[in-house]
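Okay, structure first, notes after.
The values are calculated or read from the model by the stated rules, or taken from the named source; none is laboratory data. Since this is a predicted model, take the numbers as computed values, not measurements. Cβ placement follows ideal geometry from the backbone for every residue including glycine, while neighbour counts extend to all protein chains displayed. Keep in mind that these areas ignore ligands, DNA and RNA; they rest on the heavy atoms of the full protein, side chains included. Shrake-Rupley method; radii C 1.70, N 1.55, O 1.52, S 1.80 Å.
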Amino acid sequence: MIGLDVGSTTAKAAYPEGKFRIVESRNWRELTDGIAPCDIVSTGYFRKSVPHKLAITEITAAAFGAREYFPDAEVIVDIGGQDTKVIDLRNNTFLLNDKCSAGTGAFLEFTAKYLGIQVSELGDLHMRAKKAAQLNSTCGVFAISEMISRMVEGASVEDVVAGMHYSFARRVAKLIPEADRIVLIGGTVKNRGLTAALEEVAGKRFLIPPAPQTVNALGALRYSEERP
Ligand code: ADP
């Protein structure tokens, strides 16, 4: 069996031998080469659009995947490409923010593109910032024009990136309930500038798995193993 998470932007596969692969969602077929549909447990936004034996929700996949790294997790926050999901495992409640792009990976990608850098460079730029630029806009489009204003006034790219992460973190932190063991997952969590900003804004440390983007794919695989 494999776990296949076809998300809004990237497709991730977890293989039984412990390997993971990530491609753009439109190229998900590369992950299932030689694998029969009856050997696929799918999850993610496009879970029903790909061949599968079983399709499970991202909530179930996240719970099974996060448990592998943090068995006593209380809350899972999944900051993905086009939405942010908050799963409270203590009472099985679920909150989805897909209305505002400014708190999703798409906004980080948009910002990176605007600044002419890769999304994977945002974290290091943040860490080199001397003084985070003050950004107050809650809407993505206005946030971009605020970033331009700060740069016109003389702020460095590093300071603007850090300011952008803090305003992103303020939006996401509002969705997170009070808990001690909160796990962050999703591709955006590979950005250490963003996680640092989130910890500072929330005033607490989060649990971050070594491979945060493939947790749901791993969860789909583990689900298939536990409930064949
Ligand atoms: P989805 O499941 O919705 O497709 P993911 O959890 O795969 O989303 O997250 C995709 C987001 O992760 C991208 O929008 C981007 O912001 C971020 N991302 C992906 N790779 C990296 C990276 N190497 N460094 C920082 N951020 C990344």
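Against the condition more than 13 Å from Met1 (Cβ to Cβ), modelled with pLDDT of 95 or more and not basic (Lys, Arg), how does Ser42 come out, does it pass?
no
Here are Ala155, Ala220, Ala162: which of them is assigned by TED's automatic domain parsing to the domain that holds Ser120, among the small types (Gly, Ala, Ser) and part of a helix (DSSP H, G or I)?
Just a single option satisfies the conditions, and that option is Ala162.
Quick check on the range 200-216: of everything there that is within 19 Å of His126 (Cα to Cα) and in a helix (DSSP H, G or I), which residue is most open to solvent (accessible area, probe 1.4 Å)?
Glu200
Please go through the range 100-145 and pick out each residue that is surrounded by 13 or more Cβ atoms within 10 Å (Cβ to Cβ), of a type in the set (Gly, Ala, Ser) and over 18 Å from Ile79 (Cβ atoms).
Result: Ala129, Ala132, Ala133, Ser137.
Mind counting the residues in the range 178-199 that are part of a helix (DSSP H, G or I) and either over 13 Å from Ser120 (Cα atoms) or within 7 Å of the ligand (Cβ to nearest atom) (or both)?
8
Residue check: is Leu122 touching a helix residue (DSSP H, G or I) at 6+ places or on another chain (Cβ under 7 Å), modelled with pLDDT of 95 or more and not polar (S, T, N, Q)?
yes
So, of the residues in the range 16-52 that are in contact (Cβ under 8 Å) with a residue 60 or more places away in the chain and open to solvent by 30 Å² or more (accessible area, probe 1.4 Å), which turns out to be farthest from the ligand (Cβ to nearest atom)?
Pro16
Considering each residue of the range 97-115, count those that are within 13 Å of the ligand (Cβ to nearest atom) and at pLDDT 90 or above, and give that number.
Matching residues across the range 97-115 total 9.
Please find, within the range 146-159, the residue that is farthest from Gly123 (Cα to Cα) out of those that are surrounded by fewer than 23 Cβ atoms within 10 Å (Cβ to Cβ) and of a type in the set (A, V, I, L, M). Walk me through how you get there before you give the answer.
So in the range 146-159, the residues surrounded by fewer than 23 Cβ atoms within 10 Å (Cβ to Cβ) come out as 146, 148-159.
If we keep only those that are of a type in the set (A, V, I, L, M) too, we end up with 148, 151-152, 155, 157.
Values: Ile148: 19, Met151: 19, Val152: 22, Ala155: 17, Val157: 12 Å.
Residue satisfying both the conditions and the ranking: Val152.
Do we have any residue at all in the range 65-85 that's at pLDDT below 90, on the phi < 0 side of the Ramachandran plot and not small (Gly, Ala, Ser)? Lay out the reasoning, then the answer.
Step one: list which residues in the range 65-85 are at pLDDT below 90, which gives none.
No, the range 65-85 has no match at all.
Tally time: how many residues in the range 65-96 are surrounded by 18 or more Cβ atoms within 10 Å (Cβ to Cβ), more than 16 Å from the ligand (Cβ to nearest atom) and part of a helix (DSSP H, G or I)?
Of the residues in the range 65-96, 1 are surrounded by 18 or more Cβ atoms within 10 Å (Cβ to Cβ), more than 16 Å from the ligand (Cβ to nearest atom) and part of a helix (DSSP H, G or I).
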